[in-house]
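Throughout, read-outs are computed from the coordinates displayed, never taken from laboratory work. On a predicted model such as this, the values are computed, not experimentally measured, just so you know. We place every Cβ from the backbone using ideal geometry, glycine too, and count neighbours over all the protein chains shown.
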């Protein structure tokens, strides 16, 4: 049975290789990221409220997230514009690219 198993294995590997080549050619090559849209989606997500926890505390962040969920407003609208809990400068510092990839950056 070893020759049959080996033949089936090599046939499966060849099929998988062809599938990967086709996927790369037809789906992956040419894809580009829309950086502005990605940033907009991140900043409009309620999940980023966790970044505010060290600054505002758990309870206040939970209330803000709930308000954002119920009203459909962004965290920025609630925190900076309505409640004025942070200045625009502090918001920009907390949500800078450097701080998003390394949250210790803006805690000081």
Problem set entry | Principal-axis tilt of helix 58-71 within the chain, Cα atoms, nearest 10 degrees | 80
Problem set entry | Spin-label proximity, residue 81 to region 15-50 - amide N less than 14 Å from point 7 Å beyond Cα toward beta carbon | 44
Exercise. What does the highest-first list of 65-74, 22-31 look like by mean Cβ count within 10 Å?
Worked result: 65-74, 22-31
Seminar exercise, completed: Computed from every Cα-Cα pair in the chain, P(r) in 10 Å bins starting at 0 and rounded to whole percents is 12, 31, 17, 11, 13, 11, 5, 0
Seminar exercise, completed: With Cα coordinates, the longest principal axis of the chain makes an angle with the long axis of helix 2-23, in degrees rounded to 10, of 40
